[in-house]
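The values are calculated or read from the model by the stated rules, or taken from the named source; none is laboratory data. This one's a predicted model, so the numbers in the text were calculated from it and none came from an experiment. Virtual Cβ from ideal backbone geometry, glycine too; neighbours counted across all protein chains shown. Ligands, DNA and RNA are excluded from the accessible area calculation, which covers all protein heavy atoms including side chains. Shrake-Rupley method; radii C 1.70, N 1.55, O 1.52, S 1.80 Å.
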Amino acid sequence: MHGLAARIRRTRRRLGWTLQFVADRCGCTRSLLSKIETGKVVPPVATLMRIASALGVSASALLEQGTAATTVLTRAKEFTEASIRSEKGYRFAMLAAERSDKLMQPILFEARRGEITSQPLTHAGEELVFVVQGRMKYRVGDVEYTLDEGDVLYFDAEQPHELTPLTARVRFLAVFTEAGHAPR
């Protein structure tokens, strides 16, 4: 995740903005943003999306060192081995990381019962969740859904949302779109 920290810091400095200015724009503390920029903390994806929005770039511009590739094949072994643990307790792996300037951000998540820090997340755009393996509760706004393997949930990501694994492990695909990055 060292590359992420450097890309956030580089983008912020290129804009000539202070840590406090960006923290205020994305709704986090200066201390947290500093820890993210130094690689001491791996924030939740929702926080990364808010940072990207505050900096005026796409999340994929911060998360990946993409190329102009139009077709990307990611083998299962590649994203399984490359998963990253966030401060909220789940693991995630970026899919199609080589594709730059994506209109959507596909991410494979794994959450284990008892390891998730409960805190609703929000970010701009829309989100689709597809349960690959296991079972979980997923709350969006004031409504809680029980999702089983193969279930799909689509929602406005500005609504507070959070998950609770019901099985020992749940794996799910989340696909995010970002506000301001509408289909062409």
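Return, for the Cα atoms of the chain, the radius of gyration and Dmax in Å, separated by a comma.
15.9, 46
When the Karplus curve 6.51 cos²θ - 1.76 cosθ + 1.60 is applied with θ = phi - 60°, which whole-Hz ³J(HN,Hα) does each residue of segment 105-118 get, with x for Gly and Pro?
Running phi through 6.51 cos²θ - 1.76 cosθ + 1.60 with θ = phi - 60° gives 10, x, 9, 8, 10, 9, 10, 10, 4, x, 10, 8, 7, 6 Hz.
So for each of 112-123, 131-142, 51-62, 32-43 I average, over its residues, the number of other beta carbons within 10 Å; can you give me the resulting order with the highest mean first?
51-62, 32-43, 131-142, 112-123
Along segment 45-51, what does the Karplus equation 6.51 cos²θ - 1.76 cosθ + 1.60 (θ = phi - 60°) give for ³J(HN,Hα), rounded to whole Hz, x for Gly and Pro?
With coefficients 6.51, -1.76 and 1.60, one gets 4, 4, 5, 4, 5, 5, 5 Hz.
Where the accessible area of the chain is counted over protein heavy atoms with a 1.4 Å probe, how much of it, in %, is carbon and sulfur?
50
Restricting to the chain, what percent of DSSP beta bridges are antiparallel, rounded to 5?
95
Using modelled amide H (1.01 Å from N, peptide plane; none on Pro or chain starts), what sits under 5 Å from the amide H of ARG135, excluding residues fewer than 5 places away?
Long-range HN contacts for ARG135: LEU166, THR167.
Mind listing the long-range amide H neighbours of ALA157? Cut-off is under 5 Å, sequence gap 5 or more, other chains count too, H placed in the peptide plane at 1.01 Å from N.
Under 5 Å from the amide H of ALA157 lie the amide H atoms of GLY125, GLU126, GLU127, each far enough along the sequence or on another chain.
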